[in-house]
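Before any comments, here is the structure.
The values are calculated or read from the model by the stated rules, or taken from the named source; none is laboratory data. Note that the coordinates shown come from a computational prediction; the quantities given were computed from them, not determined experimentally. Positions of Cβ are backbone-derived with ideal geometry, glycine not excepted, and every protein chain shown enters the neighbour counts. Just the protein is used for accessible areas: all its heavy atoms, side chains included, with ligands, DNA and RNA removed. Shrake-Rupley method; radii C 1.70, N 1.55, O 1.52, S 1.80 Å.
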Amino acid sequence: HGSLYGDSVATEPATLKIDQHIELLQENFIPGVEQLKFTMLVYDGPGTMVRGPGFVCRSRVCIHSLSACSDLNVLVPPQFHQMDDTGAFSVSLSGVPCPLDTNVVAVQASLVSCEDLVLLLPPIKCAPCAEGQARAEDLSNKVWFCVVCSNNQYIIDPNNASFRCQNCPQGAICDGKSLRGRVYGSEWVQNNNSGQYILVACPHGYEMTRYEGADLSFAYMNQECSKCSSNEYILYSSISKYRCQKCPIGASCDGKFLTGLVAGSVWIPDTETGQYVLTSCPQRYAISPPAGLNLQFSYVNQECVLCKSGSYCVGGSEPSILCPQNAFSMPGANSSASCVQTIFVQLTVVVPVKK
């Protein structure tokens, strides 16, 4: 079984060694993500490197123990490697998990043609999952490994096996590691039970979406902050039941707040509906539509209207009051004193029309 090596002749294989001139011996790896790599060389008894096209290496990754690797304690199926033209075995092992109980693996290499010739590498430690990775456990096989999250996902704690890579809600931006809100000032908090981020507040002027359907079930993927239009307002952006509301005709809105068009008008928030209710107008004005007229109430049509001629308005929530019979007032009257006695004169005017 001798093989030529330069000007020397090597006899049959006697020793397997790691070629540390190429790379340092690997001390740890991230299970399931990083490869286990080493380069192995074959030497004969006198120490001459053996090289030949027919040599095949079998590699095994096993649970680290005092006993040698066997097909009974392998973590992945044995793999086979062909010797390259330089006389080396370049071994790269992918998808290797880690035992749950030891967090250490053993790597063993042997020649297929010489089963007694075995190389056992020093124990290799399992490193924890890194940012952007999620720990997964296979309890039936008693192993764990790391899964790389995609670019549109995030992970709260890479080494908490109860957490998984989470898809990014539509109101956030994710990079495979972390999450941030698309809207500056939106607040997202961790739910340590589900491993997900929950939207809890939006900046004022935005409505918060977290629920859907008639039963208002939580909709994780639909979470977002939506900006109110310039002719709307919103009571509280940190409470998901409140929505952007159309501006009443008696007010002005800027997408955030509501301001009455008439100075001194009072608008009170209705926390049940998330809308403002006009409760009081200053003197000379009355609330429209007035209460007690059997009209369907409309938030959008609320306004303070100037008192009409022939009536006066004392303000507050009081409706306009008609002047007594044979009395008259100018528009915007604020008391009964504004109603003056009036003598109505019927005047007939005849205008000649020429043909």
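For F297 and Y236, what does the FRET efficiency come to when R0 = 22 Å and r is the distance between their Cβ atoms, rounded to the nearest 0.05?
Taking R0 as 22 Å, the efficiency between F297 and Y236 is 0.50.
Per residue, how much space in cubic angstrom lies within the convex hull of the C-alpha atoms of segment 15-128?
In segment 15-128, the Cα hull volume divided by residue count equals 104 Å³.
Solvent-accessible area of D254, probe 1.4 Å, all protein chains present, reported in Å² to the nearest ten, please.
90
As I understand it, the dipole of the chain uses +1 on the Cβ of Lys and Arg and -1 on the Cβ of Asp and Glu, about the Cα centre. Which of S150, G264, Y43 lies farthest toward its positive end?
Result: G264.
Note the full-extension length gain between Q35 and N141 as 0.36 nm times their separation in residues minus their Cα-Cα distance, in nm to one decimal.
Gain on stretching Q35 to N141: 36.1 nm.
If each of K354 and D101 carries a label point 7 Å out from its Cα toward its Cβ, how far apart are those two points in nm?
12.6
Which is farthest toward the positive dipole end of the chain among Y211, S226, S298, measuring Cα position about the Cα centre, with Cβ charges +1 (Lys, Arg) and -1 (Asp, Glu)?
In the chain, that residue is S298.
Run through every distinct alpha carbon pair of segment 246-346 and return the Kirkwood hydrodynamic radius in angstroms, one decimal place.
14.6
Using a 10 angstrom Cβ neighbour count of at most 16 plus a DSSP loop assignment to flag exposed chymotrypsin sites (Phe, Trp or Tyr not before Pro), which longest range of the chain is free of such sites?
1-183
In the chain, carbon and sulfur make up what percent of the accessible area (probe 1.4 Å)? Write out the running numbers ahead of the final one.
Numbers: 10730 of 20470 Å².
The value for the chain is 52 percent carbon and sulfur by accessible area.
Name the residue from G176, P319, Y276 whose Cα lies farthest towards the positive end of the charge dipole of the chain, charges +1 on Cβ of Lys and Arg and -1 on Cβ of Asp and Glu.
So the residue we want is P319.
Please give, to one decimal in nm, the separation of the simple spin-label points placed at T259 and L120, each 7 Å out from Cα toward the Cβ.
Placing both labels 7 Å along Cα→Cβ, they lie 8.3 nm apart.
If you stretched the chain out fully between T271 and F80, how much longer would it get, using 0.36 nm times the residue separation minus the C-alpha to C-alpha distance?
Once the chain is fully extended between T271 and F80, it gains 61.7 nm.
At a 4.7 angstrom Cβ threshold, list every cysteine in the chain that has nobody to pair with, or say none.
C57, C114
Per 0.36 nm of contour for each residue apart, how much would the distance between K177 and Q346 grow if the chain were fully extended, relative to their Cα-Cα spacing?
Answer, rounded to one decimal: 52.1 nm.
What figure in square angstrom, to the nearest 10, would you give for the accessible area of V33 with a 1.4 Å probe?
The accessible area comes out at roughly 50 Å².
Between A161 and F218, how high is the FRET efficiency from 1/(1 + (r/R0)^6) when r is the Cβ-Cβ distance and R₀ = 25 Å? Nearest 0.05. Write out the running numbers ahead of the final one.
Values: r = 24 Å, r/R0 = 0.96.
It comes to 0.55.
List the aspartates and glutamates whose Cα sits under 12 Å from the Cα of K142, skipping any in the same chain fewer than 8 residues away.
D101
Using a Gaussian network model on the chain with a 10 Å cutoff between Cα atoms, which of Q166, Q133, Q79 fluctuates the most?
Q79
Per residue, what accessible area does segment 32-119 have, given a 1.4 Å probe and all protein chains present, in Å²?
Result: 46 Å² per residue.
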